[in-house]
Amino acid sequence: MLDMGWIRQHHERVQKAADSKRIPISISELLACDERKRRRLQATEELRQTRNKLSEQIRNLINEGNTDEAERLKQTGKEINLRLAQAEEELAELLREFSRLMMLVPNVVSEDTPEGLSDADNVELRRVGEPPCFSFESKDHVKLGELHDLLDLRRGVKTAGTRHYYLKGAGVLLHRAVQRLAFDLLLGKGFTPLDVPLMVRTEAMTNTGFFPLGLDQTYRLDAEEKWLVGTSEVPLISYYSNEIVEVTDPIKLVAVSPCFRSEVGSAGRDVHGLYRVHQFAKVEQVVLCEAEPEISERLLLEITAHAEELLQLLELPYRVVAVCTGDMSQKTYKQYDIETWMPSRQAYGETHSSSNLHDFQARRSNIRYRDAAGRLRFCHTLNNTAVASPRILIPLLENHQEEDGSVRIPKALHPYMNGITRLVPR
């Protein structure tokens, strides 16, 4: 969330961010609610003080033996208590409404974030590698998967419904191999590994900025009153919630975890194969640092470079785009997406995302540090998908296929493939 004092001073900028991110909130309504809340809070405090003073007067009168005056003041006290109870009820209602509105307030965006309505308006920054030009009729990842017995979509749907799948044999090895390669890469960069909870409380989703706007994308476990995470970013950030941390050197965390998304609103989109599924795995990198824009900007470039390094190890062509306002989430200040070339789509498809949230997430999660002057400040937080699978298997299979249906395994994956360096049709 944003600081309310800051919102008052920059309400036009905040409203612009809400409009561009298509978040239905009126900042004017929030300001009015805040003003009513503050007035009611002041009136309630004045009534409490009056009640307390009256109680002291009554005690003194009783001690002095002036019971008649004490009884008269007790009647006045009853009237004040009735007024106080009503004031507290009105204040509680205002606080609930204020909290509801504050949970809808978006993070503002960086000055260099492009404006736009959707991912079609994202701005390409650079391309790395050349898409392959096949001299033969290429196959998509589903045909290649069936040819090499790597996946079974039909039985996935039979067992669990649409957008579910089985990976088999070398498909499982590839799925694990890209995760292990990414994990080892980040360990070499000084990241601390964590194995994280996948079921979290509502406050963990709210504090990390995924609720209330992401409720429909999340699977709820009703009996547990918990939620399945769509990214280990949630438990990684929540690890430090309500704590004071040391970030003279940035805290760098990495986790490998299954992830779950309901994909509400995507009916009919990307239904073919492994592009948009309900269950997947991610290697996620999360960073907490000092609340200095130049530091978090440097770290955003750094974690993006880690994902790019992985794609280069996988020998895949990709491009980096600056994400526009209309394609950003509520919590994001600045974002880069990495899109990898997918021959079957004849287009780049999103495979990685890097975000700088400034202190929006840490303020909700109450994660603070002491600066050089000893003042408590909220951290900046960042995150990046180092790799997500099975989506990454789409470009991995399709870009490295050969005319006879074989698929070359990039050299960087060889140590993780149990001796398999090439998939050959049976």
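Enter the Cα centre distance for the pair the range 68-82 and the range 359-426, rounded to the nearest angstrom.
Spelled out, the Cα-based centre of one part sits 69 Å from the other.
Using only the alpha-carbon atoms, what does the chain span along each of its principal axes? Please give whole angstrom values in decreasing order.
Answer, in whole Å and largest first: 105, 47, 37 Å.
Shape verdict for the range 91-174, please, from the Cα gyration tensor: rounded (a/c under 1.5), prolate (a/b greater than b/c) or oblate.
oblate
In whole Å, what is the distance between the alpha-carbon centres of the range 278-297 and the range 122-173?
Answer, in whole Å: 28.
Could you identify which residue out of 40, 72, 83 has the top mean-square fluctuation in a GNM of the chain using Cα springs shorter than 10 Å?
72
What are the trypsin sites (Lys or Arg not before Pro) within the range 215-291 that DSSP puts in a loop, where the Cβ has at most 12 other Cβ atoms within 10 Å? Don't jump to the answer; show the numbers that get you there.
On the way: sites: 220, 226, 252, 261, 269, 276, 282; in loops: 261, 269, 276.
Answer by residue number: 269.
Shape verdict for the range 1-131, please, from the Cα gyration tensor: rounded (a/c under 1.5), prolate (a/b greater than b/c) or oblate. Before the final figure, lay out the partial values.
Values: a/c = 5.47, a/b = 4.63, b/c = 1.18.
Prolate.
At 7 Å along the Cα-to-beta-carbon direction for both residue 96 and residue 246, put a label point, then send me their distance in nm to one decimal.
Inter-label distance under the simple model: 4.4 nm.
What's the longest piece of the chain with no exposed GluC sites (Glu not before Pro), counting a site as exposed if DSSP puts it in a loop and it has at most 13 other beta carbons within 10 Å?
In the chain, the maximal stretch lacking such sites is 247-402.
Which of 82, 393, 151 ends up with the largest GNM mean-square fluctuation for the chain, with Cα atoms connected below 10 Å?
82
Viscosity 1.567 mPa s, temperature 4 °C: Stokes-Einstein D of the range 259-335 from its Kirkwood Cα radius, in µm² per second? Could the numbers behind the result be given before it?
Details: Rh = 15.5 Å.
After rounding, the answer is 83 µm²/s.
Let's test the formula: R0 of 51 Å, r as the Cβ-Cβ distance of residue 78 and residue 222. What FRET efficiency results, to the nearest 0.05? It would help to have the intermediate numbers written out before the result.
Working: r = 45 Å, r/R0 = 0.88.
With a Förster radius of 51 Å, E is 0.70.
In whole Hz, what ³J(HN,Hα) sequence does the range 284-295 give by Karplus (6.51, -1.76, 1.60; θ = phi - 60°), x for Gly and Pro?
10, 10, 10, 10, 10, 8, 4, 7, 10, x, 5, 6
Just by accessible area at a 1.4 angstrom probe, what is the order of 319, 180, 345 from largest to smallest? Please report the intermediate quantities before stating the final value.
Details: 319 60, 180 120, 345 95 Å².
If we order 319, 180, 345 from most to least accessible, we get 180, 345, 319.
Suppose each label sits 7 Å from its Cα in the direction of the beta carbon; what would the residue 46-residue 195 distance come out to in nanometres?
Output for this residue pair reads 6.0 nm.
Have a look at the DSSP beta bridges in the chain and tell me what percent are antiparallel, nearest 5.
Values: 54 of 58 bridges.
Of all bridge pairs located within the chain, approximately 95 percent are antiparallel.
Of the cross-linked pairs 189/252; 189/334; 53/74; 226/331; 158/226, which ones have a Cα-Cα span greater than 19 Å in the structure shown?
Among 189/252; 189/334; 53/74; 226/331; 158/226, the Cα-Cα distance tops 19 Å for 189/334; 226/331; 158/226.
Please identify, among 141, 164, 380, the residue showing maximal mean-square fluctuation in a Gaussian network model of the chain using a 10 angstrom Cα cutoff.
Residue with maximal mean-square fluctuation among 141, 164, 380: 164.
Enumerate the aspartates and glutamates that residue 411 could reach by cross-link, defined here as Cα to Cα under 13 Å, with residues fewer than 8 away along the same chain left out.
Answer for residue 411, where 13 Å is the Cα cut-off: 315, listed by chain and number.
Which ³J(HN,Hα) values, rounded to whole Hz and listed in residue order, are derived for the range 187-203 from phi using the Karplus coefficients 6.51, -1.76 and 1.60 in 6.51 cos²θ - 1.76 cosθ + 1.60 with θ = phi - 60°, glycine and proline given as x?
Computed from phi, the couplings for the range 187-203 are 4, x, 8, x, 7, 8, x, 10, 9, 10, x, 9, 10, 10, 6, 4, 5 Hz.
Kindly express, to the nearest 10 degrees and within the range 0 to 90, the angle between helix 67-102's C-alpha long axis and the longest C-alpha principal axis of the chain.
Here the helix axis deviates by roughly 20 degrees.
Classify the range 130-201 as rounded, prolate or oblate from the Cα gyration tensor: take a ≥ b ≥ c as the square roots of its eigenvalues, call it rounded if a/c is under 1.5, otherwise prolate when a/b beats b/c and oblate if not. Could you put the intermediate results ahead of the total?
On the way: a/c = 2.69, a/b = 1.29, b/c = 2.09.
Because a/c hits 1.5 or more and a/b fails to exceed b/c, the range 130-201 counts as oblate.
With a 1.4 Å probe and all protein chains left in place, how much accessible area per residue does the range 300-426 have, in Å²?
On the way: 4120 Å² over 127 residues.
Accessible surface, normalised per residue, equals 32 Å².
Between residue 404 and residue 62, what length comes free when the chain is fully extended (0.36 nm per residue of separation minus the Cα-Cα distance, one decimal in nm)? All intermediate terms of the calculation are to be shown ahead of the outcome.
On the way: separation 342, 0.36 × 342 = 123.12 nm, distance 10.16 nm.
The span from residue 404 to residue 62 would gain 113.0 nm if fully extended.
The values are calculated or read from the model by the stated rules, or taken from the named source; none is laboratory data. All of these numbers come straight from a predicted model, not from anything done at the bench. Cβ sites come from the backbone with ideal geometry, for glycine too, and all protein chains shown count toward neighbours. Areas reflect the complete protein model, heavy atoms only, side chains present, ligands, DNA and RNA absent. Shrake-Rupley method; radii C 1.70, N 1.55, O 1.52, S 1.80 Å.
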